[in-house]
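Written below as structure tokens is the structure these notes are about.
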Amino acid sequence: MEDTAQTIGVYLEEICYFLEDMSRDLWWLVRLAHLPGEPFTGPEGRIVRGDEDDMVRNEDIDPEVLARIEGMKERADHHLESHEHQARMKVMIIPGATTADRKLLQPLKSLKFHCKGRIEVFPCMKEANNSAIWGALQKHVAQNEPQWLIPTDGLLGGNGDTLFAQCIVIGALWVDGDDVRILGVWCPEQKKRHWALPGGDVLRGADQNLAAAARRKWCEQVGMFFDKSWEESFTKPLPEDLADLNNQESVGEAGAVIFSHVERDGVRYPTRPYLFARVSDECYRATRERDDARGVITLNMLGQNFVRWDDEASRLKQAHTEGHPFVAHDEATWLRLDFETGKLSADDGRPVRREHSDLLRQRPAKVWNFLGSLVGRDPPLADANMALSEEGPWIARVSGIDKQATDDDLINHFIEKGATVKTVEQFEVPKHTARVEFGDASSLKMALALNNSMLQRRKVKVEIWVDDGSHQASVGTAIRSLTPFEGVLSEEGPFFVRVSGLDRSVDRDEIGYFFYDRDCLVKDVIFPLKAVRHAADIELETQESCRTALGLNGAIFKGREVTVTIRQAGGKEDRSGGPGGGGDRDRGKGSRKGKGSKGGGFRDRDSDEGFSREFFGTARESDGPQRGKGGYRPSEESSGYEPRPTRLQLKPRSVDAGNQNEMSGGGGRPDPV
């Protein structure tokens, strides 16, 4: 019988940081899996440490096996040269794999690592995009392990399709009367710097199901700092099948609820399950014993061996050679959750991960019924501002629209989901924003469920249109009223804010004047930022100026609605940094980034960050400082900023910009530098 060649994919994401930290590649692992006596494969196989140089010698391996390994490597390298996106996915595609080749790869699946990750070998297509590769992997895993399939939930109730779950997010709740808190961990990565709910990707080398993944992630990110397991942290234990939480006679009977949110652009993550559970009073008190005046909890493991996200290369290796725990976060806090509005905020004023805050702001019926049982109140209406009367109108504000999207594109985006659209009005101020009126209340609800869905190349934000009198249809604007910042600020400087969402044509002087004209005493403007596009950091002279600047969140600057958040200078969030939940460890291309949620065991992988080709044993191109130089802490010049000119010398202008007026191009101003 003729041997049929087949294209095979080798999924390496769960161990990608083992490969990077230990400077190994796929082909080293294949040779190790075929050592005489097979000491690393099978149920009793030893854990792969990555330092077995004295064992992995070509002269000890069957020459025929070595020849087949070299043949697969040549075909894989040739294929990778024209398929760089597959390197970003941490998937090695091997075309033309014969039956003998496939048999040679199977032992990889039984290798065990301290990072608890697992290698998967699966059939796929040679010419495939990311979506097709992820689909092939998930289909293969689901056929053999159906426990990873979970029914999805609608925002307004009811179940949807059954989809593959590759991550878990944990909402640890504490309730005291109307005071509802949910635990968040701080992500210090350069591209994040926000509070996020704990959680991350499943690791099939350690997790038998989603419940096991939730227990592990809680222990790794929170529990181990307080010597508490899941059972010691929450009021009730988890069922082995989280779907059983949907079968409780009372919403509060199990002490937890599972909400599986459909990811509209879900290729890698078709659904993101959120597990909300009530923590015990004893667990809450234990965490509060370590918080400061801002409510920030210090996470440390005094007297124990562990590896931190910012340790030097030699220390990072100990996570794989010695099995030391990996510490991804330094801080946690009890975020404040408003039961009436769903607003999620931090007492220290730092931002919360958008995906998490947006979901809770929509107040999913299933989650709010559970919260209502804890608070002892009926859930609020779907939205306090939503006009659901028979007369209407039913209007949504859509922002973040792709610049190439037309009115017809917007209409089709909603009618494809069964909504009836009456009118669409796109605006010039702010850009990429539209007012969409629907034919009935059910259509508006369908539209709100499409919040964070993909429209062409961008995620759109869909929210209730609040007519506060600022909408000026005659001049094509949809400006919203600003809200003063009321959070807690440090009494002592330096005072920094970050403004993002800037127009690409803006310059440093214009940014300085934007704040200066609005009663902010500007000390310096750091722009451009090396690692963050369309953003700048502003240093203010006083706390009051910092508070005023934060009140400009949502203001219009050169036609765009900008975001203004706190950026504390010299804090842990300023370290060189690299979503799942909060994330564990993150590295970008060639640079030693702050280890956020990106995989390789120990860490999560909720991101689109790419990895270099060295993971597959091919050439590597570095785009930044080399990792592993030891305890990297960026100075002002190396913390992700371009070299900047002298400090701004802002002078009064004769033009009254006003609090919401459009900024001009800068003609007639004094030179501020």
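The values are calculated or read from the model by the stated rules, or taken from the named source; none is laboratory data. Computed from a prediction, not measured in an experiment: that's the story for all the values here. Cβ coordinates were reconstructed from backbone atoms using ideal geometry, including for glycine residues, and neighbour counts include every protein chain displayed. Only protein heavy atoms, including side chains, enter the accessible area calculation; ligands, DNA and RNA are left aside. Shrake-Rupley method; radii C 1.70, N 1.55, O 1.52, S 1.80 Å.
Points to keep in mind about this one:
- For region 14-23, the criterion of a residue being touching a Cys at 6+ places or on another chain (Cβ under 7 Å), open to solvent by less than 30 Å² (accessible area, probe 1.4 Å) and of a type in the set (Phe, Trp, Tyr) is satisfied by at least one position.
- Which numbered condition Gly157 fails, given (1) at positive phi; (2) at pLDDT 90 or above: (2)
- Of all residues in region 389-410, those being open to solvent by 50 Å² or more (accessible area, probe 1.4 Å) and outside any loop (DSSP other than H, G, I, E, B) number 2.
- The one condition in (1) in contact with a helix residue (DSSP H, G or I) (Cβ under 9 Å, 6 or more places away or on another chain); (2) part of a loop (DSSP other than H, G, I, E, B) that Phe122 fails to fulfil: (2)
- Residue selected from region 101-128 under the condition aliphatic (A, V, I, L, M) and open to solvent by less than 40 Å² (accessible area, probe 1.4 Å), by the criterion farthest from the chain's Cα centre (by Cα): Leu104
- Subset tally (residues that are among the small types (Gly, Ala, Ser) and surrounded by 23 or more Cβ atoms within 10 Å (Cβ to Cβ)) for region 212-243: 3
- Scanning region 324-347 for residues that are surrounded by fewer than 21 Cβ atoms within 10 Å (Cβ to Cβ), closer than 13 Å to Leu183 by Cα and among the hydroxyl-bearing types (Ser, Thr, Tyr) yields a total of 1.
- Close pairs from region 438-451: first under 10 Å from Gly392 (Cα atoms), partner at pLDDT below 80 and open to solvent by 10 Å² or more (accessible area, probe 1.4 Å), Cβ under 6 Å, at least 6 apart: Ala441/Leu388
- Test: Thr7 is modelled with pLDDT of 90 or more, in contact with a strand residue (DSSP E or B) (Cβ under 8 Å, 6 or more places away or on another chain) and among the β-branched types (Val, Ile, Thr): yes
- Among residues of region 32-41, those that are within 35 Å of the chain's Cα centre (by Cα) and open to solvent by 10 Å² or more (accessible area, probe 1.4 Å), counted: 1
- Residues of region 287-323 that turn out to be assigned to a strand (DSSP E or B) and open to solvent by less than 10 Å² (accessible area, probe 1.4 Å), as a count: 3
- Complete set of residues in region 31-54 that are of a type in the set (Gly, Ala, Ser) and touching a His at 6+ places or on another chain (Cβ under 7 Å): Gly50
- When Gly9 is tested against (1) under 20 Å from His140 (Cα atoms); (2) small (Gly, Ala, Ser); (3) surrounded by fewer than 16 Cβ atoms within 10 Å (Cβ to Cβ), exactly one condition is not met: (3).
- Restricted to region 4-87, the set of helices (runs of 4 or more DSSP H) holding at least 1 residues that are among the basic types (Lys, Arg) and farther than 28 Å from Ala319 by Cα comprises 63-80.
- Cβ-Cβ under 6 Å pairs, at least 6 apart or on other chains, region 173-201 side farther than 14 Å from Leu344 by Cβ and crowded, with 24+ Cβ neighbours inside 10 Å, far side at pLDDT below 90 and among the polar types (S, T, N, Q): Gly200/Ser597
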